[in-house]
């Protein structure tokens with residue numbers, strides 16, 4: 001699986017202290033994308049699902065992880081690898097959130113019905129749809145633009161997410177790989 005970075009603890013992409021995994025590769029190329037540096041696939045960033053799982057489980061042994069968020073890039077553009085990783089993660093994490101630029105209807109067509117069904121059993125929440133800059137209202141929580149949907153596959157997490165969403169957007173700055181990065185749902189860039 002092509003992975004750019006893994007950060008913990010992130011409190012701006014879902015409730016609690018989350019482990020966030022950024023995948024590499026996205027064909028959507030949304031205007032004003034917050035992560036355009038992750039559009040191009042980079043085979044130098046390839047790691048097997050098993051290797052990634054083993055690295056993360058070591059972290060879990062040391063820290064309290066409240067949930068996992070996959071973003072990117074677009075995690076669903078590596079659907080089979082993502083599904084393999086989710087199978088490994090599911091026994092350890094009860095809250096897994098996945099972002100995708102595909103609508104849920106488009107995402108269902110990426111794979112066969114059995115794999116899609118299994119995917120929806122392994123994750124708690126899917127945030128779907130491309131980022132549309134004109135629909136960034138600078139307010140909607142967990143979503144960059146109002147066309148995106150928060151789809152629950154695990155009702156047990158709804159209350160946590162409702163509470164989290166009531167707090168509005170959050171951004172946190174992280175020093176990572178000799179640079180400062182801003183993690184979260186950002187405000188729309190104002191035209192000058």
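The values are calculated or read from the model by the stated rules, or taken from the named source; none is laboratory data. Keep in mind that this is a model prediction, so the values were computed, not measured. No Cβ is skipped: glycine too gets one built from the backbone with ideal geometry, and neighbour counts run over all protein chains shown.
Scanning the range 12-27 for residues that are crowded, with 16+ Cβ neighbours inside 10 Å and at negative phi gives 12, 13, 15, 18, 19, 20, 21, 22, 23, 24, 26.
The number of residues in the range 13-66 that are farther than 23 Å from residue 77 by Cα and in contact with a strand residue (DSSP E or B) (Cβ under 9 Å, 6 or more places away or on another chain) comes to 9.
Just to be sure I understand, how many residues within the range 171-192 are closer than 20 Å to residue 71 by Cα and touching a helix residue (DSSP H, G or I) at 6+ places or on another chain (Cβ under 9 Å)? Summing the residues that are closer than 20 Å to residue 71 by Cα and touching a helix residue (DSSP H, G or I) at 6+ places or on another chain (Cβ under 9 Å) in the range 171-192 gives 1.
Are any residues in the range 103-135 more than 23 Å from residue 10 (Cβ to Cβ) and in contact (Cβ under 8 Å) with a residue 60 or more places away in the chain, and if so, which ones? The answer is 132, 133. Inspection of the range 105-123 finds no residue satisfying the criterion of being surrounded by 19 or more Cβ atoms within 10 Å (Cβ to Cβ), out of contact with any helix residue (DSSP H, G or I) (no Cβ under 9 Å at 6 or more places or on another chain), modelled with pLDDT of 95 or more and assigned to a helix (DSSP H, G or I). The set of residues from the range 62-87 being surrounded by fewer than 16 Cβ atoms within 10 Å (Cβ to Cβ) and within 21 Å of residue 9 (Cα to Cα) comprises 62, 63, 64.
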